[in-house]
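S.K.: I am attaching a structure below and will ask some questions about it afterwards.
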Amino acid sequence: MIKAGVIGATGYAGQELVRILYNHPEVEIKVLSSKNHNNQVYESIYKNFNKICELKCEENELEALSNQLDIIFLSLPHGVTSKLLTDTILKNVKVVDLSADYRLKSEELYEYWYKIKHDNKDLLNQAIYGLSEWKKKEISKSRLIANPGCYPTCALLSLLPLIKEGILEEDNIIIDAKSGVSGAGRSLNLTTHFSECNESVKAYNVTSHRHTPEIEQELSEINGNEISVTFTPHLVPMNRGILCTSYGNLKNSNSYDEIKQIYEKYYQNELFIRLAKKGVFPETKWVKGSNYCDIGFTLNKSASKIIVIGAIDNLVKGAAGQAVQNMNLMFNLEENMGLKSVPMFPV
């Protein structure tokens with residue numbers, strides 16, 4: 001059995017990790033840690049774990065834990081992981097980091113967008129960006145995975161086949177994305193109070209969302225040229241889910257079937273990518289509680305523009321589920337082990 005620890009276990013992504021790992025046949029959770037709920041039994045914090053998880057949340061030194069565990073999931077605020085993680089720890093234990101601290105390869109870019117100092121730039125070159133479907137080999141050999149952000153996961157999975165094949169104009173990609181309020185985390189925030197966000201949809205962090213450079217970095221790496229995108233996120237009054245609608249100009253007038261073949265080339269054997277039939281467009285309710293990413297697309301009448309729609313559960317495929325998928329790759333397990341849950345409906 002793989003001995004696992006979840007640091008930051010009481011946030012929404014941390015809770016989702018615990019839920020998934022409890023159903024994983026090859027994992028035993030040994031340690032749960034939470035700064036805000038130290039010395040509390042987990043089931044007293046999340047009542048859905050009543051009679052399931054009686055572990056107590058304890059504050060632990062990461063270096064000490066690295067000698068006891070096989071894998072540590074770090075579900076901590078941005079800027080914390082880079083202070084805690086060391087080469088010594090990584091020699092002892094594998095790590096999946098759910099924060100943004102190792103997603104961006106440029107220290108300067110990270111500090112510009114996140115407005116905090118990066119405290120361990122030496123590990124930036126060791127970390128592998130954990131977009132599971134596109135980095136399998138690298139993930140399987142790595143000891144440090146930078147788990148992707150929720151918006152980038154949905155946007156990148158939607159766009160990368162088109163970018164890889166070079167059929168999109170690189171300078172005119174628009175991503176219109178909408179997320180449920182759990183994407184803001186569990187901490188108290190006026191903008192996510194019921195009366196503030198219910199019966200309303202709003203754009204936020206327009207031109208300044210911190211996931212923008214992450215999306216651009218990965219698109220540029222696959223394309224070989226610098227790509228910039230227009231990315232606008234929106235808050236929708238629902239608990240879970242992300243819907244990304246991406247717009248691009250095609251370099252040539254490709255047919256629907258030609259583009260369908262491109263998506264099938266990259267995704268027909270992927271366990272968690274579901275391609276919609278022609279005229280069917282993904283909805284967030286079809287993926288809730290699952291690790292699936294649903295993708296559909298259409299062309300305009302002149303076939304010069306493409307609209308791609310992707311849907312994921314932000315807490316599963318956009319966070320904890322992809323983290324476990326990456327763990328499976330790191331330990332040479334079946335990629336979908338512990339992640340075979342059918343999406344919940346209705347929710």
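S.K.: Provide the gained length on full extension for the span Glu54 to Tyr247, in nm with one decimal, where the gain is 0.36 nm per separating residue minus the Cα-Cα distance. Don't skip to the end; give the middle numbers.
M.R.: Values: separation 193, 0.36 × 193 = 69.48 nm, distance 4.74 nm.
Gain on stretching Glu54 to Tyr247: 64.7 nm.
S.K.: Extending each Cα 7 Å along its Cβ direction at Arg186 and Asn38, get the distance between those two points in nm, one decimal.
M.R.: The modelled label-to-label distance comes out at 1.7 nm.
S.K.: Residue separation times 0.36 nm, minus the C-alpha to C-alpha distance between His193 and Leu299: what's the value? Don't skip to the answer; put the middle values down first.
M.R.: Values: separation 106, 0.36 × 106 = 38.16 nm, distance 3.85 nm.
Here the answer is 34.3 nm.
S.K.: With an 8 Å Cα cut-off and a minimum separation of 6 or more residues, compute the relative contact order for the chain in percent. Walk me through the numbers before you get to the answer.
M.R.: Working: 753 pairs, mean separation 60.3, N = 347.
RCO, the chain: 17 percent.
S.K.: Counting only heavy atoms of the protein chains, get the accessible area per residue of the chain (1.4 Å probe) and round it to a whole Å² value.
M.R.: Numbers: 15800 Å² over 347 residues.
About 46 Å² of surface per residue is accessible.
S.K.: Here's a follow-up. Rounded to whole Å and ordered largest first, report the semi-axes of the equivalent ellipsoid of the stretch 1-160 derived from its Cα gyration tensor (root of 5λ).
M.R.: Value: 26, 18, 16 Å, ordered largest first.
S.K.: Additional query: Would you mind telling me which residue in Ser220, Ser132, Ser99 has the biggest mean-square fluctuation in a Gaussian network model of the chain, where springs connect alpha carbons within a distance under 10 angstrom?
M.R.: Among Ser220, Ser132, Ser99, the largest mean-square fluctuation in the Gaussian network model of the chain belongs to Ser220.
S.K.: Separate question: Starting from the coordinates of the alpha-carbon atoms of the chain, obtain the Kirkwood hydrodynamic radius over all distinct pairs and give the value in Å to one decimal. Intermediate results must be reported in sequence, preceding the final value.
M.R.: Values: mean 1/r = 0.0486 Å⁻¹.
So the Kirkwood estimate lands at 20.6 Å.
S.K.: Another question about this same structure. Whole Å is fine, so just give me how far the alpha carbon centre of the stretch 245-273 lies from that of the stretch 26-52.
M.R.: First find each Cα centre; the distance between them is then 42 Å.
S.K.: Moving to a separate point now. Determine ³J(HN,Hα), in whole Hz, for all residues of the stretch 120-134 in sequence, where each value follows from phi through the Karplus function 6.51 cos²θ - 1.76 cosθ + 1.60 and θ = phi - 60°; x replaces Gly and Pro.
M.R.: Each residue of the stretch 120-134 in turn: 8, 5, 5, 7, 4, 6, 7, 6, 10, 5, x, 7, 3, 5, 10 Hz.
S.K.: Shifting gears a bit: What do you get for the angle between helix 256-267 and the principal long axis of the chain? Use alpha-carbon atoms, 0 to 90 degrees, nearest ten.
M.R.: 20
S.K.: Which percent, nearest 5, of DSSP beta bridges in the chain are antiparallel?
M.R.: Once the DSSP bridges in the chain are tallied, antiparallel ones form about 45 percent.
S.K.: Let me ask something else. Under the classification rounded if a/c is under 1.5, otherwise prolate if a/b is larger than b/c and oblate if not, where does the stretch 69-209 fall, given a ≥ b ≥ c as square roots of the Cα gyration tensor eigenvalues? Intermediate values should be presented prior to the final figure.
M.R.: Working: a/c = 1.87, a/b = 1.23, b/c = 1.52.
Judged from the Cα gyration tensor, the stretch 69-209 comes out oblate (a/c at least 1.5, b/c at or above a/b).
S.K.: Further question on the same structure: With the full set of protein chains in place, find how many percent of the accessible area of the chain is carbon and sulfur; take the probe as 1.4 Å. Present the calculation step by step, with values, prior to reporting the outcome.
M.R.: Numbers: 7550 of 15800 Å².
Of the solvent-accessible surface of the chain, carbon and sulfur hold 48 percent.
S.K.: Pop out the ³J(HN,Hα) list for the stretch 10-27 in order, Karplus 6.51 cos²θ - 1.76 cosθ + 1.60 with θ = phi - 60°, rounded to Hz; leave Gly and Pro as x.
M.R.: With coefficients 6.51, -1.76 and 1.60, one gets 9, x, 4, 5, x, 4, 5, 4, 4, 4, 5, 5, 5, 9, 8, x, 10, 10 Hz.
S.K.: Looking at the stretch 156-263, which trypsin sites (Lys or Arg not before Pro) are in a loop (DSSP not H, G, I, E or B) and have at most 16 other Cβ atoms within 10 Å? Don't skip to the answer; put the middle values down first.
M.R.: Numbers: sites: Lys164, Lys178, Arg186, Lys202, Arg210, Arg240, Lys251, Lys260; in loops: Arg186, Arg210, Arg240, Lys251.
Within the stretch 156-263, the qualifying trypsin sites (Lys or Arg not before Pro) (loop, at most 16 other Cβ atoms within 10 Å) are Arg186, Lys251.
S.K.: While we're here: Would you please give the residues with an amide H less than 5 Å from that of Tyr46, counting only those at least 5 places away or on a separate chain, with H modeled from the backbone geometry?
M.R.: For Tyr46, whose amide H was placed from the backbone, there are no distant partners under 5 Å.
S.K.: Just report the Cα centroid separation between the stretch 113-130 and the stretch 69-100, whole Å.
M.R.: Here the answer is 11 Å between Cα centres.
S.K.: Follow-up question, since we're still on this one. Would you please classify the overall shape of the stretch 133-183 from the alpha carbon gyration tensor, given that a ≥ b ≥ c denote the square roots of the eigenvalues, rounded means a/c under 1.5, and beyond that prolate means a/b larger than b/c while oblate covers the rest?
M.R.: Numbers: a/c = 3.16, a/b = 1.17, b/c = 2.71.
Because a/c hits 1.5 or more and a/b fails to exceed b/c, the stretch 133-183 counts as oblate.
S.K.: Give the list, by residue number, of cysteines in the chain with no other Cys Cβ closer than 4.7 Å, or say none.
M.R.: Within the chain, the cysteines lacking a partner Cβ under 4.7 Å are Cys53, Cys57, Cys150, Cys197, Cys293.
S.K.: Taking the simple approach of a point 7 Å from Cα along Cα-to-Cβ for both Asn336 and Ser200, what is their distance in nm?
M.R.: About 4.1 nm, to one decimal.
S.K.: 7 Å from Cα along Cα→Cβ at both Leu109 and Lys137: what's the point-to-point distance in nm?
M.R.: Rounded to a tenth, the inter-label distance reads 2.2 nm.
S.K.: Given that compact globular proteins tend to follow 2.2 N^0.38 Å, what is the ratio of the alpha-carbon Rg of the stretch 204-300 to that value? Write out the running numbers ahead of the final one.
M.R.: Numbers: Rg = 15.1 Å, N = 97, 2.2 N^0.38 = 12.5 Å.
With N residues counted in the stretch 204-300, Rg over 2.2 N^0.38 Å equals 1.21.
S.K.: Shifting gears a bit: Please list, or write none, the aspartates and glutamates whose alpha carbon is within less than 18 Å of the alpha carbon of Lys178, excluding same-chain residues fewer than 8 places away.
M.R.: Glu196, Glu199, Glu214, Glu283, Asp294, Asp313
S.K.: Quick one: what are the phi-derived ³J(HN,Hα) couplings along the stretch 237-252, Karplus 6.51/-1.76/1.60 with θ = phi - 60°, whole Hz, x for glycine and proline?
M.R.: x, 9, 6, 10, x, 10, 10, 10, 10, 10, 10, x, 9, 7, 5, 10
S.K.: Per the helix-only calculation at 222 nm, which mean residue ellipticity applies to the chain, given -39500 (n - 2.57) for every DSSP H run of n ≥ 4 and division by its residues, nearest 500 deg cm²/dmol? Don't jump to the answer; show the numbers that get you there.
M.R.: On the way: 12 runs with 97 residues, N = 347.
When only DSSP H runs of four or more count, the value is -7500 deg cm²/dmol.
S.K.: Which value, in Å to one decimal place, does the Kirkwood hydrodynamic radius take for the stretch 263-347 when every pair of different Cα atoms is included?
M.R.: Numbers: mean 1/r = 0.0720 Å⁻¹.
Hydrodynamic radius (Kirkwood, Cα pairs) of the stretch 263-347 is 13.9 Å.
S.K.: Please sort by residue number the trypsin sites (Lys or Arg not before Pro) in the stretch 20-72 whose DSSP state is loop and whose Cβ has at most 15 other Cβ atoms within 10 Å. Walk me through the numbers before you get to the answer.
M.R.: Working: sites: Lys30, Lys35, Lys47, Lys51, Lys56; in loops: Lys35, Lys51.
Hits after loop and neighbour filter: Lys35, Lys51.
S.K.: Separate question: If you take every residue apart from Lys288 with its C-beta less than 13 Å away from the C-beta of Lys288, what net charge results, scoring Lys and Arg +1 and Asp and Glu -1? Don't skip to the answer; put the middle values down first.
M.R.: Details: positive: Arg240, Lys285, Lys317; negative: Glu16, Glu283, Asp294, Asp313.
Counting the neighbours of Lys288, the net charge comes to -1.
The values are calculated or read from the model by the stated rules, or taken from the named source; none is laboratory data. Everything numeric in this text was worked out from a predicted model, so none of it was measured. A quick note on method: Cβ atoms are made from the backbone with ideal geometry, for glycine too, and the neighbour counts reach across all protein chains shown. Ligands, DNA and RNA are excluded from the accessible area calculation, which covers all protein heavy atoms including side chains. Shrake-Rupley method; radii C 1.70, N 1.55, O 1.52, S 1.80 Å.
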